[in-house]
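This report concerns only the one structure given below.
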Amino acid sequence: MARSITLIPGDGIGPEITAATVRILESAGLNIEWETVTAGMTALEKFKDPLPKDVIDSIERTRVALKGPLTTPVGKGFRSVNVALRKEFELFCNQRPAKTFTGIKTLYFDHIDLIIFRENLEEFYSGIEHYIDSSHTAAETIGIITKRGSERIIRYAFEYARKHNRKKLTVVHKANILKFTGGLFLEVARQMSPEYPEIIFEDKIVDNMAMQMVMNPYQFDCIVTTNLFGDILSDLASGLVGGLGMAPGANIGDNVAIFEAVHGSAPDIAGKNIANPSAQVLAGVMMLEYIGEKDAANKIEKAVAAVIAEGKYVTRDINSVNYVGTREFADAVIEKIIH
């Protein structure tokens, strides 16, 4: 029986890298029935709505979605489609792996393999902000952290570490200054850590954490933190392994998960067959792991790694001298999978 999955091709380069990803996933012999829907700028132009109801309805049915990058329209209603989807389905965890691939130029020589778990709904991204004077010369943003929200994301990080035999969890905070919000997040983590005696537990203040990630990223394994800090540190982590071109992500809730490339829609190169689809493909790998298709996920990730390591059929951002297009990169990955 086919597994139904919502497919949102996205804007800009989204349709190209998503098409490449679908071809690669299907080459692994998976029985997937894609429900294709439109969101973002493309939907705004077609339906006058960046998040049509059929997108919500499809995700409610399938519970799993693969999403291409979306351009955030300028307008009223909500800040972005991505934020709206997170709130609609209570996708409290933003999971961002950062892993070294041989063939990708980085500043580091040894293998990096870490995962950031970012709380996805609370704190300064809650949308509670306003001007505090009539002349708009001062503004206020309110960041709310709850015990429930903290418990949910920290529990998820601990459980993931246990399930995947990860050795260490670092909780990142600013409790020395943000004594109530940061203090609550840290206290929840400290209270929970004895339940996971096999996992090394530590905490770090965020500014020190940023320095430590640059100086010695190998000391970290799993990292859990609040919304704003997670947004910043996850991009820093991507930079450690070569940039956003290799950065997949997942937004995960209790019953729904949406997987995506982290980078933007890059409209300046759309339709030119030059975009690197690796981040979207790796998001597809994360999706397959989530739905229990671990063998297919491993096969695809190994094929992507092999093609990149060989360096013969990679996109221009990986090899600026000898490169191929988006479709040809996908062809090379598929060749590895089927042979």
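Annotations for the structure displayed:
- For segment 107-240, the percent of C-alpha pairs falling in each 5 Å distance bin, counted from 0 to the bin holding the largest distance, reads 2, 10, 20, 21, 19, 13, 7, 4, 2, 1, 1, 0.
- Fraction of antiparallel bridges per DSSP, the chain only, in percent to nearest 5: 40 percent
- Ile32 long-range amide H proximity, modeled H, under 5 Å: Arg3
- Surrounding net charge for Ile112, when Lys and Arg each add one and Asp and Glu each subtract one, Cβ distance under 12 Å: -2
- Averaging the Cα positions of each part gives two centres, and for segment 178-247 and segment 87-109 these lie 13 Å apart.
- Once backbone amide H atoms are built at 1.01 Å from N, Thr106 has no partners under 5 Å, excluding neighbours fewer than 5 places away on the same chain.
- Paramagnetic reach from Glu159 (point 7 Å along Cα→Cβ, amide N under 19 Å) across segment 187-206: 188-200
- Dipole moment magnitude, nearest 20 debye, segment 107-240 about Cα centre, only Lys, Arg, Asp, Glu C-beta charged: 460 debye
- Selected from His164, Pro52, Thr225, residue furthest toward positive end of dipole (the chain; charges at beta carbon): His164
- Note on Glu26 and Ala270: their simple-model spin labels are 2.3 nm apart, each label 7 Å out from Cα toward Cβ.
- Computed helical MRE - 222 nm, the chain, DSSP H runs ≥ 4 contributing -39500 (n - 2.57), nearest 500: -12500 deg cm²/dmol
- Taking 0.36 nm per residue of separation and subtracting the Cα-Cα distance, full extension of the segment from Thr106 to Arg316 would add 74.0 nm.
- R0 of 45 Å, Cβ-Cβ distance Lys302-Glu90: FRET efficiency to nearest 0.05: 0.85
- Building the convex hull from the alpha-carbon atoms of segment 155-214 and averaging its projection over directions returns 4.2 nm².
- Solution diffusion estimate, µm²/s, Stokes-Einstein, segment 1-73, Kirkwood Rh from C-alpha pairs, 37 °C, viscosity 0.692 mPa s: 262 µm²/s
- Placing unit charges on the Cβ atoms only, positive for Lys and Arg and negative for Asp and Glu, gives the chain a dipole magnitude near 320 debye about its Cα centre.
- Within the listed set Glu301, Glu26, Glu129, the residue fluctuating most in the Gaussian network model of the chain (springs between alpha-carbon atoms under 10 angstrom) is Glu129.
- Residues in segment 238-255 carry Karplus couplings, in order, of 4, x, 5, 10, x, x, 5, x, 10, 10, x, x, 9, 10, 10, x, 5, 10 Hz; the curve used is 6.51 cos²θ - 1.76 cosθ + 1.60 with θ = phi - 60°, and Gly or Pro positions show x.
- For the peptides 269-278, 162-171, 242-251, 307-316, the ranking by packing is 242-251, 269-278, 307-316, 162-171, with the highest mean count of neighbouring Cβ atoms within 10 Å listed first.
- Extended-chain gain in nm, criterion 0.36 nm per residue less alpha-carbon gap, Asp54 and His136: 25.7 nm
- Alpha carbon convex hull of the chain, volume per residue in cubic angstrom: 152 Å³
- Among the listed pairs Lys67/Lys302; Lys48/Lys87; Lys163/Lys312; Lys105/Lys167, those with a Cα-Cα distance over 30 Å are Lys163/Lys312.
- From phi via Karplus (6.51, -1.76, 1.60), per-residue ³J(HN,Hα) for segment 109-120 in Hz, x at Gly/Pro: 9, 8, 6, 9, 8, 9, 9, 9, 10, 9, 5, 10
- Residue-count net charge about Gln280 - beta-carbon cut-off 11 Å; Lys, Arg +1, Asp, Glu -1: -1
- Computed from phi, the 3J(HN,Hα) profile of segment 14-23 under the Karplus parametrisation 6.51, -1.76, 1.60 (θ = phi - 60°) reads x, x, 5, 6, 6, 4, 4, 5, 4, 4 Hz, with x in place of Gly and Pro.
FYI, it's all coordinate maths here, none of it is from the lab. In this text the structure is predicted, and so the values were computed from the model without any measurement. Positions of Cβ are generated from backbone atoms using ideal geometry, with glycine treated the same way; all protein chains shown enter the neighbour counts.
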